[in-house]
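Just below is one structure, and these are the notes that go with it.
Values quoted throughout were computed directly from the atomic coordinates according to the rules given, and no laboratory measurement underlies them. Remember, predicted model here, so these are calculated numbers, not experimental data. Every residue, glycine as well, gets a Cβ built from its backbone with ideal geometry; the counts of neighbours run over all protein chains shown.
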Amino acid sequence: MKLLLPIFFLLSLTGHVYAQQHGSISGIVTTKDGNPVAYVTVGLKGSSYGAATTDKGHYRINRVAPGTYTITVSAVNIQPQEKQVTVEAGQNQSINFELDISRTQLKEVMVNARSNSVKMDNPSQSLRLQEPLIEVAQNIQVVSSQSIKEQQIISMSDGIIRNVSGAVRLEHWGDLYTNITMRGSQVKAFRNGFNVVSSYWGPLTEDMSFVDHIEFVKGPAGFMISSGDPSGLYNVVTKKPSGQSKHEFSYTLGSFNLNRATLDLDGKLSKDGKLLYRLNLSGQNKNSFRTNEFNDRYAIAPVVSYQVDDATKLTLEYTYQRANMSDVGSYYIFSPFGYGTYDRTLSDLPAGLKPTIINDHSFTVNLQHQIDENWKLTAQAAYYNYSQDGSSMWADSVNADGKYYRNVGIWEATSTMSLGQVFLNGKVSTGPVVHKILTGIDLGNKKYVADYAQTHSLDTGSAPFNPFNPVTLDAPSNGYPVFDRTLSLEARAAAGFGLINSRYSSFYLQDELGFLNNKVRLTLAGRYTYINQADFGTVSEAKRFTPRLGLSVSIDDYTSIYALYDQAFTPQAGVVSVGKLKPLTGNNTEFGIKRDWMDGKWNTTVSVYRILKENELTADPNAPANSGLSIVFGQRRAQGVEFDLRGEILPGLDLTANYALTDSKVSKVNPGVSDATGIKVGDVVPGYSKHVANAWLTYKLRTGKLRGAGISAGFTYLAGRETDTWSVGLQRLPDYFKLDGGLFWEGGKLRITANAFNILDKYLYSGSFYSYLNAYYYQAEAPRNYRLSISYKF
């Protein structure tokens, strides 16, 4: 911060001197009925001068050379407007526009204007915040649909986190679960504003075919839910109808027999544009660089919306994902010699082991009603139904010579979630103070039922698995498992500690007070939450009020600073071997500075934070991985610095770059913990990387014979990787560096994208050391591989 503040001062001083030799143009763009038009382009014909309107319809074009220009307003599906303007040195010219579009058409324009940039200025409606991100007293980063397209990301676990500072996946879990760690802890998974975590492992990874963008909220999110982890959450926002007749087909092929097709249909079901639809379909076959592994999936996601009247809109959404994939445990390799000791293509998965079958359904109803120009009511309900029938491999024991005994455990599970939300956004004034009110209730009932207690050893004592001479096409020496299903799944789950139930209800109220024409914004909020939770045969109940205090100050139109204090808590359930079971509580203190550059074309965010977590439950380092035993070690302190940059830094040149320094250590130890586990104050709490740096750069030619052609390149760097268990062994995970890049061409309707991943062909992996096995385990990532996509709009 000491380095950044002088830089910002010098930039502001330079801009002030420069402005004396130039002029500026500003104004507001509205509809014919007086509503502001957001996200449309305002530019000067025949020049590079331009800007996009804010959420309030305002625009400003700075540093314009004196002269006479034609100023234009343009956006998808609206008639452009032009006006003449003369700019004088040191003067601002005010030019307003009124567009001949209705309020319904305005919403369509807003959706389409957001989709063509790596920088997004506003949160989704599901975050409930009615203000631009630069004004929010919190670090919120958004991965846009444009970034997803450029990087050829096909699922939530396929490279999304490179776009956000400090986000890592220390357990890769294949493409089953995402499990993102940020600020030293696993963050909660949301979809369209709903917490969709029904068990520790999280929801099935979302296929990107029906995803519009992803929002990462750093730190507690009292405005959404107070019972989550204080490290944050990510919110997957699905595609909605835009009101335009536009369709796109895409086909992707790649290494390891990847074949994938998607279809996006977007249009009107009625001539008046009140009844709209969106249908996304996808199907893929995908093998692996390891023998016998595969991941075949398809998704169906229809959405229908109806504009009841000018103030009321109803949206119905259904999503179905089907997965047929090999055993997720096959990603793990065990070795007493250290990390990466075998060929990275090594697989211990026998060919005849039955696949895991997953059916994932979700249905959402959303009703929005604009009461008047200042008040809006939103109500939504969702039902999730998930079923899984498969298995998970692990190791029973590992010999000193490297041979080990494989074990297969049943993993049959169902999950149901009934979720509901009602919230009200409003604006009132008391004298010169403007109050932005947010209030509402959240309700949820979740039930996860799983049998993971039955196990079967694949190998006999005389014939362990030999990683130096792996035989995976033949049946294992002890045969394949035949699990007992005579009892119902729920009965088996109850006997094997496989029931996880959660019921919660909460009420929250937030008032953001705007002073000095909203340049100073003070947030006062509180949330009362009741949660009843059962897991591993224990039941816990908690009621808690959690406050939230935030301050955001706009230094100018493009710069803001903020401070935040927020709390979070959640009950914990489990079998505790050391300590006393209590709810996890945490608080976050955070400071940051946000700035838009070049009239809002690109943005930077710098934040510093400190999180304290009390009574955290973590796996007992002296117990087997699947035992379910935990310890309550005391207090953890996580702190760090985060930097994010995203947007168009030069014409045709988009950049997403970030860096995070994270440090998480034990700050207090409960009585008896040190004697039983050896954990002491100052020890590193595992589960993060100390240094994380990412970048993705795209350059696209805008003129000439090669217009539309471009190049992309990006990297991920991890240093100071802390393993995900307390048993750190004798070796540390080495630093990690991955380089990706490719070429593309984009015309009016056709786009061709080709990328290479892990260009340097490095042996990359994550892992840890398990003391009860006296061995390391690790998961290798793919060697150099390629993808080619062809997309056609019609």
Under 1.5 on a/c is rounded, so check that first for region 161-219, then, if it is not, pick prolate when a/b is larger than b/c and oblate when it is not; a ≥ b ≥ c are the square roots of the alpha carbon gyration tensor eigenvalues. rounded
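Take the alpha carbon gyration tensor of region 273-428, find the square roots of its eigenvalues, order them as a ≥ b ≥ c, and report rounded if a/c is under 1.5; if not, report prolate when a/b exceeds b/c, else oblate. Could the numbers behind the result be given before it?
On the way: a/c = 3.38, a/b = 2.74, b/c = 1.24.
It comes out prolate by the Cα gyration axes.
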Straight-line reach from K313: which aspartates and glutamates have a Cα under 17 Å away, not including same-chain ones fewer than 8 places off? E108, D272, D372, E373
Computed over the Cα atoms, what is the radius of gyration of region 93-249 divided by 2.2 N^0.38 Å, N being its residue count? 1.11
Projected onto the charge dipole of the chain (+1 at Lys/Arg Cβ, -1 at Asp/Glu Cβ, origin at the Cα centre), which of A381, H456, L549 gives the Cα projection farthest towards the positive end? L549
Global size of region 242-308 as Cα Rg and Dmax, reported in angstrom: 16.6, 55
Looking at S305, F468, L739, which one has the Cα that reaches farthest to the positive end of the dipole of region 246-793 (charges on Cβ: Lys, Arg +1; Asp, Glu -1)? S305
Compute the helix-to-body angle for 4-19: its Cα long axis versus the longest principal axis of the chain, expressed 0 to 90° and rounded to tens. 20
By counting other Cβ atoms within 10 Å of each Cβ, how are I357, I71 ranked from fewest to most? I357, I71
Using the structure shown, select from K543/K580; K354/K762; K188/K239; K119/K594; K447/K668; K119/K149 the pairs with a Cα to Cα distance greater than 24 angstrom. K354/K762; K447/K668
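Among rounded, prolate and oblate, which fits region 677-794 when a ≥ b ≥ c are the square roots of the eigenvalues of its C-alpha gyration tensor, a/c under 1.5 means rounded, and a/b larger than b/c means prolate?
Details: a/c = 3.79, a/b = 2.89, b/c = 1.31.
Here region 677-794 falls in the prolate category.
Can you compute the FRET efficiency between S245 and Q79 using 1/(1 + (r/R0)^6), with r the Cβ-Cβ distance and R0 = 22 Å? Round to the nearest 0.05.
Numbers: r = 17 Å, r/R0 = 0.79.
Plugging the Cβ-Cβ distance into 1/(1 + (r/R0)^6) gives 0.80.
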Using +1 at the Cβ of each Lys and Arg and -1 at the Cβ of each Asp and Glu in the chain, identify which of S145, A534, N287 lies farthest towards the dipole's positive end. S145
If the chain between K665 and L263 were fully stretched, how many nm would it gain, using 0.36 nm times the residue separation less the Cα-Cα distance? 140.0 nm
Which whole-Hz couplings ³J(HN,Hα) result when phi for each residue of region 392-403 is put into the Karplus expression 6.51 cos²θ - 1.76 cosθ + 1.60, θ = phi - 60°, listed in order with x for Gly and Pro? 9, 8, 8, 10, 6, 7, 10, 7, 5, 7, x, 6
Using only DSSP helix segments of four residues or longer, with each worth -39500 (n - 2.57), what per-residue ellipticity at 222 nm results for the chain after dividing by its residue count and rounding to 500? -1500 deg cm²/dmol
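Over all alpha-carbon pairs in region 744-794, figure out the percentage whose distance exceeds 17 Å.
On the way: 761 of 1275 pairs.
The proportion of pairs with Cα distances above 17 Å equals 60 percent.
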Just to confirm a number: summing +1 for Lys and Arg and -1 for Asp and Glu over residues other than S126 whose beta-carbon lies under 10 angstrom from that of S126, what do you get? +1
Share (percent) of C-alpha pair distances in region 321-376 greater than 19 Å works out to 61
Magnitude of the charge dipole, region 346-432, Cβ model with Lys/Arg +1 and Asp/Glu -1, debye to 20: 120
Assign unit charges at the C-beta atoms only (+1 for Lys and Arg, -1 for Asp and Glu), then state the dipole size of the chain relative to its Cα centre in Debye, rounded to the nearest 20. 1160
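Given the convex hull of the Cα atoms of region 453-538, what is a quarter of its surface area in nm²? If you can, show how the numbers build up before the last one.
Numbers: hull surface 54.3 nm².
Value for region 453-538: 13.6 nm².
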Between Y200 and V428, 0.36 nm times their residue separation minus their Cα-Cα distance comes to what? 77.9 nm
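If we count every other residue with Cβ under 12 angstrom of D451's Cβ, Lys/Arg +1 and Asp/Glu -1, where does the sum land? If you can, show how the numbers build up before the last one.
On the way: positive: R485, R492; negative: D389, E412, D484, E490.
Around D451, the charge tally is -2.
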Using the Kirkwood radius over Cα pairs of region 160-306, the Stokes-Einstein translational diffusion coefficient at 10 °C and 1.306 mPa s, in µm²/s and rounded to a whole number, is 92
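Once you keep just the Cα pairs under 8 angstrom separated by 6 or more residues, what percentage relative contact order results for region 495-563?
Working: 130 pairs, mean separation 20.6, N = 69.
With pairs under 8 Å counted, the relative contact order is 30 percent.
DSSP loop chymotrypsin sites (Phe, Trp or Tyr not before Pro) in region 150-219 with at most 14 other Cβ atoms within 10 Å of their Cβ, which ones? Intermediate results must be reported in sequence, preceding the final value.
Values: sites: W173, Y177, F190, F194, Y200, W201, F210, F216; in loops: W173, Y200, W201.
When the chymotrypsin sites (Phe, Trp or Tyr not before Pro) of region 150-219 are filtered for loop state and at most 14 Cβ neighbours within 10 Å, Y200 remain.
Can you compute the charge dipole magnitude of region 220-322 about its Cα centre, using +1 on each Lys and Arg Cβ and -1 on each Asp and Glu Cβ, nothing else charged? Give it in debye, rounded to the nearest 20. Write out the running numbers ahead of the final one.
On the way: 13 positive and 10 negative charges, 51 e Å.
The calculation lands at about 240 debye.
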Can you tell me the 0 to 90 degree angle between the C-alpha axis of helix 103-114 and the longest principal axis of the chain, rounded to 10? 60
For the chain, what's the relative contact order in percent, using C-alpha pairs closer than 8 Å and at least 6 residues apart? 10
